[in-house]
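The block underneath contains the structure these notes are about, expressed in structure tokens.
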Amino acid sequence: MNKILLIIQREYLVRVKKKSFLFTTIGVPILIVVFYAIMIAIGASGGHEKNKIAVIDEAGLLSSGMEKSKSDASEYVFITGQQPDSLKVKYKSLGYDYFLYIPPIDITQPVNNIQLYSQSPVAVSQKNKIERMIDNAIELRRLQSANITREQYRSIKSNVSIDNKILNGKEEKKGVALVSSIVAFSCGMLIYIIMLIYGTMVMRGVMEEKINRIAEVMVSSVKPFQLMMGKIIGIGAVGLTQFAIWIVLILGLQMILSAFIPSFDMSALPQAAPGAAAVADNTDKLAAFRAGINSVPWGMISFCFIFYFLGGYLLYASMFAAIGSVVSDDQNEAQSMVFPVMMPIVLGFVIMTKAVAEPGSPLVVFGSIFPLTSPVVMVGRIMYDVPLSELIISMLLLVISIIFFAWLTAKIYRTGILMYGKKVTWKEMLRWAFRKQ
Amino acid sequence: MNRLEVKHLKKYYTSQKAVDDISFSLAPGSIFGLLGPNGAGKTTLIRMITGILFPDDGEIIFNGQPFNPDKDVAYIGYMPEEKGLYKKMKIGDQAIYLAQLKGLSKATALERVKHWFIKFEMQSWWNKKVEDLSKGMQQKLQFVTTVLNDPKLIILDEPFSGLDPVNSNLIKDEIYKLAQNGSSIIFSTHRMEQVEEICDHIILVNKGQKILDGSVNSVKQQFKENIFSIGLDSNPGNHQSEAFEVIQQKGHQLLLRIKEGYKPNDVLNHFLQQQIGINSFHEMLPSLSDIFIKLVEGTPLARQFQIASA
């Protein structure tokens, strides 16, 4: 038992000390957050665009009282006594960035003759702000001419959103289909990637031992099973470490960034532009999104995710180890041998994408119980209230399969790592796996 | 008490009888040569003794007790023919790791590794990686890792391949020292001159069976063909004799075989009677290489696959 700990320790340390581990573990989240930050910075810079805009307001829409949105930092200068045609050619030389011309308008008709002059295309955000401002002004005029107060108008206007109440017998919760499917899909995807990446890492580790011919030295000190399990557990621990660091880093960086860029924090967004209908819409969506996030059974998800992550990894790692043990120094050979092991993982992924759309379909139910696909499929399905009996059967089957495959693959591994220069067929592997002793 | 006793050991694969009823014993402190052509079953035999493979039949007695791989591997050091180390691992760490797997505590392992590294002048290698070493250096390192646990039974498969004469001698001396301290050594090689030099006892294995067993000297005696070399004063005109036949003549030097029923003295008498002076007279024992070739000859170069009937 002490020996298996030594092996785990070595497998773990060798990988964690590698530069590539440091790069992927620290580098990837930083890249993600930096990318995220750049996106936000670009978005935010639009909001803080400062322009000096010359306005000739012949309709008196804005000059009579302007409702500028708070995020609009531009300066509007009303110009009188100038012809639009003459200002059109010299506004730039007078120190203005744009020239807005509002001709007299008939508020009973659709308005479409307002012009914004510029040297180069105006930023979309700037154009939107001006449009919203003019829309509000026209709306206000129309309300006044119809003798309707703003309050009355607000009470008339309808903006329906349907709540999805989830009744699971215990409590009533708000659910949001979009949030559920995003969470389900990302969890399933993550498990799929983990099984492939860390599975092949186990395979390469075993191949390294075989090709370097250290396997024979090792098995004269430890049992082949210890060597195999030590490697699998060691690499699994590397995976868990990487995840833990990622989570800590992403949370930490998010906190740091939100300190610098207030808008990075989602809760700050709703106050950005009060009064603007479009933003109000977004606020509602955001609130719904947050309600959706709250509706996700996070405890259950985390438990299942960790269970199926470990289960799926252990199940496939032993198979990858067996494959690694039978191939001799040929990368192509490894690829063709590994294909049948990859198949069920990919199949699981395909079923999982279906699970997100149709969680109750028979194929999905089967996929979430069948142990070779359940780690990926069940995690995708867990959002949609899986009957407890199915969950228990699925978990039980997975545990039994892990033990069965570890027993089976250990026998293949034991023979394979000492076999050189001979191409091993599937038939032979099966014979090794099922022979006695 | 023998260090190791192997009794009627068998290992059959579906395609061939790799080891077919081999028995031998090994005394403490002896250096034992395990010889045989390629594919004779040596590696399978060694793998059973090191606990890597289970015998199909037969018994292994280690230090008077039935061999228990779990416990006894701590007292065995095995250097396989195909040497292997973790290429990316630091040499010092690697040696300590391998010693720990043999059951040494970390402190003891560190102490032993330091001791051997100083002995072999390898201290400067500590933080290097195996991939930075030459083949001969790797070989030295592999030897060190094999004997770190102070094993009672050391199995060396081609330990000198790739080593220069200086390093070969270094390791040879260590092998002698280990044997003097009571370790038993199984030495497997195809280099017959090394076997003659180092081993006290040999067995020859062919097609999974033991075909020769004995001390180097007794084996040579067993296969001697009564060939003598005699150096004479003058050219012997007539060397016809009932006692011997001449195989080869080079000037005054004769190579002759003594016939059945005659003794070396009869040869000497023959020349003395002819008044020919004798400068030298000695027996030509066959070399192990000759014996090996003689016994193994006729065996197809590559072992044919046969169906095991058991």
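Every number here is computed from the coordinates shown, using simple stated rules; none is lab data. Every value quoted in this text rests on a predicted model; they were computed, and no experiment measured them. When we count neighbours, we look across all protein chains shown, and the Cβ atoms used for this are built from the backbone with ideal geometry, even at glycine.
Going highest first, how would you order A:359-368, A:318-327 by mean Cβ packing within 10 Å?
With the highest mean Cβ count within 10 Å placed first, the list reads A:318-327, A:359-368.
On the beta carbon distance between A:Asn332 and A:Ala357, with R0 = 45 Å, the FRET formula returns roughly 0.75.
Counted residue by residue at 0.36 nm each, then reduced by the alpha carbon distance between them, the extension gain from A:Ser120 to A:Ile245 reaches 40.4 nm. Other residues whose C-beta falls under 9 angstrom from the C-beta of B:Ile76 contribute a net charge of +1, scoring Lys and Arg +1 and Asp and Glu -1.
Quick check: from the Cα gyration tensor, does the protein assembly as shown come out rounded (a/c under 1.5), prolate or oblate? Judged from the Cα gyration tensor, the protein assembly as shown comes out prolate (a/c at least 1.5, a/b above b/c).
Mean partner shielding of peptide A:202-211, defined as the number of other chain Cβ atoms within 10 Å of each residue Cβ, is 1.
From least to most packed, judged by other beta carbons within 10 angstrom and beginning with the fewest, A:Ser120, A:Ser145 follow the order A:Ser120, A:Ser145.
Shown here for the range B:227-270: GluC sites (Glu not before Pro) in loop regions (DSSP other than H, G, I, E, B) with at most 13 other Cβ atoms within 10 Å, namely B:Glu242, B:Glu260. Only helical runs count toward this figure. For the protein assembly as shown, summing -39,500 (n - 2.57) over DSSP H runs of n ≥ 4 and dividing by all residues gives -16500 deg cm²/dmol at 222 nm. Averaged over the residues of peptide A:411-420, the number of Cβ atoms from other protein chains lying within 10 Å of each residue's Cβ is 1. Compared with the alpha-carbon gap, the fully stretched path from B:Ser215 to B:His190 is longer by 7.3 nm at 0.36 nm per residue. Cross-link pairs exceeding 21 Å between alpha carbons, from the set B:Lys102/B:Lys207; A:Lys52/A:Lys90; A:Lys210/B:Lys135; B:Lys11/B:Lys210; A:Lys423/B:Lys102; B:Lys7/B:Lys294: B:Lys102/B:Lys207; A:Lys423/B:Lys102; B:Lys7/B:Lys294. In plain terms, the chain from B:Phe54 to B:Asp290 could stretch by 81.6 nm, reckoned as 0.36 nm per residue minus the Cα-Cα distance.
Counting only other chains, what is the mean number of Cβ atoms within 10 angstrom of the Cβ of each residue in peptide B:88-95? Kindly include the intermediate steps, with their values, before the conclusion.
Working: counts 5, 4, 2, 0, 0, 3, 2, 0.
Partner-chain Cβ atoms within 10 Å, mean over residues of B:88-95: 2.
Under the criterion of Cα pairs below 8 Å and six or more residues apart, the relative contact order for chain B equals 23 percent.
With loop defined by DSSP as not H, G, I, E or B, and exposure as at most 13 other Cβ atoms within 10 Å, which is the longest segment of chain B clear of exposed chymotrypsin sites (Phe, Trp or Tyr not before Pro)?
Answer - B:14-304.
Rounded to the nearest 5, what is the percent of antiparallel bridges among the DSSP beta bridges in the protein assembly as shown? For the protein assembly as shown, the DSSP antiparallel bridge percentage is about 65. Between A:Leu31 and B:Glu197, the modelled labels are 5.7 nm apart [label points 7 Å from Cα along Cα→Cβ]. Computed packing ranks the peptides A:404-413, A:152-161 as A:404-413, A:152-161, most packed first, by mean other Cβ atoms within 10 Å.
Residues A:Met203, B:Met284, ranked from the fewest to the most other C-beta atoms within 10 Å, line up as B:Met284, A:Met203. In the range A:295-417, Cα pairs under 8 Å separated by at least six residues give a relative contact order of 36 percent. Excluding A:Ala322 itself, what net charge comes from residues whose Cβ is under 11 Å from its Cβ, given Lys and Arg +1 and Asp and Glu -1? Neighbourhood net charge equals +2. Each of B:Glu297 and A:Ala73 was given a label point 7 Å from its Cα along the Cα-to-Cβ line. The distance between the two points is 9.9 nm. FRET efficiency for the B:Ser280 to A:Lys19 pair, using the beta carbon distance and R₀ = 41 Å, is estimated at 0.05. A simple count of charges around B:Asp266, restricted to other residues whose Cβ falls under 15 Å of its Cβ and scoring Lys, Arg +1 and Asp, Glu -1, yields -1.
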